[in-house]
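Report on the following structure.
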Amino acid sequence: MLKFRMKSWRTCKAWQLNDPIRILGIDPGSRITGYGIVDTNGATTRYVASGCLKLGAGEFSRCLREIFLRISDLVSEYAPNHIAIEQVFVHKNADSALKLGHARAAAICATFAGGAAFHEYAAREIKQAVVGSGGAEKHQIQHMVKAILTLESLPVSDEADALAVALCHAHSFRLHAGLTSLTSAPRRSAGRSSWRKFAG
């Protein structure tokens with residue numbers, strides 16, 4: 001039986017996408033919403049842009065409108081093919097959970113006009129993909145994001161979380177597309193009978 005060692009997704013360069021994709025990762029929040037944009041061709045992932053939308057205090061409806069408008073601007077400016085966002089988690093504070101849900105919905109709706117594919121991931125799944133542990137701490141995510149994307153400085157927490165979501169999707173999409181290309185590849189038909197050519 002043939003045995004092989006699977007390389008880390010961060011270093012494997014054997015498979016590449018024909019057409020690179022651009023991913024917008026979003027870390028929604030009612031006061032601060034992080035965003036991170038990366039390009040990936042399957043073998044490598046390149047940093048494009050990131051930051052935080054600081055909404056401040058004031059009426060919550062104004063904050064939602066601000067999230068919608070500023071995410072819409074990002075979609076128009078960077079034209080991502082894919083949107084990735086963290087799944088809603090159960091919050092101890094019902095009011096905070098409700099506000100987070102509204103902020104998340106505003107961010108999602110802002111991406112629809114661009115026609116990008118939408119994807120969501122659980123927090124543990126994101127941490128596992130980027131750090132290697134589903135229970136990773138915030139500072140670990142920041143340092144791993146900086147290392148993977150070779151950033152000059154450490155990204156702030158919300159910014160790092162958004163980039164981590166984008167990296168998680170880059171990993172997931174690469175695996176899915178790679179497996180699809182393998183299963184859809186035409187089978188070689190000469191394998192069983194070709195030995196007769198050499199035997200004669």
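Coordinate-derived values only; no laboratory data. All values derive from a computational prediction rather than experimental measurement. Here Cβ is always computed from backbone atoms with ideal geometry, including for glycine, and neighbour counts include all displayed protein chains.
Suppose every K and R has +1 on its Cβ and every D and E has -1 on its Cβ; what is the size of the dipole of the stretch 21-175 about the Cα centre, in Debye to the nearest 20?
Using only the charged Cβ atoms, the result is roughly 120 debye.
Express in nm, to one decimal, how much length is gained between Leu151 and Arg46 on full extension, taking 0.36 nm for each residue of separation and deducting their alpha carbon distance.
Gain on extension, Leu151 to Arg46, equals 36.8 nm.
Convert each backbone phi in the stretch 129-136 into a coupling constant with the Karplus relation 6.51 cos²θ - 1.76 cosθ + 1.60 (shift: θ = phi - 60°), then list the ³J(HN,Hα) values in order as whole Hz, x for Gly and Pro.
In residue order, the calculated couplings are 5, 8, 9, x, 9, x, x, 4 Hz.
Count neighbours as other Cβ atoms within 10 Å of each site's Cβ, and list the chymotrypsin sites (Phe, Trp or Tyr not before Pro) in the stretch 47-134 that are DSSP loop with at most 13 such neighbours.
Phe89
Averaging sequence separations of C-alpha pairs under 8 Å and six or more residues apart, then dividing by the length of the stretch 22-63, give the relative contact order as a whole percent.
35 percent
Over the stretch 21-175, what per residue volume does the convex hull of the Cα atoms give, in whole Å³?
It is 103 Å³ per residue.
Based on the Cβ-Cβ distance from Asp73 to His119, what FRET efficiency comes out when R0 is 25 Å, to the nearest 0.05?
The pair Asp73/His119 has a calculated efficiency of 0.75.
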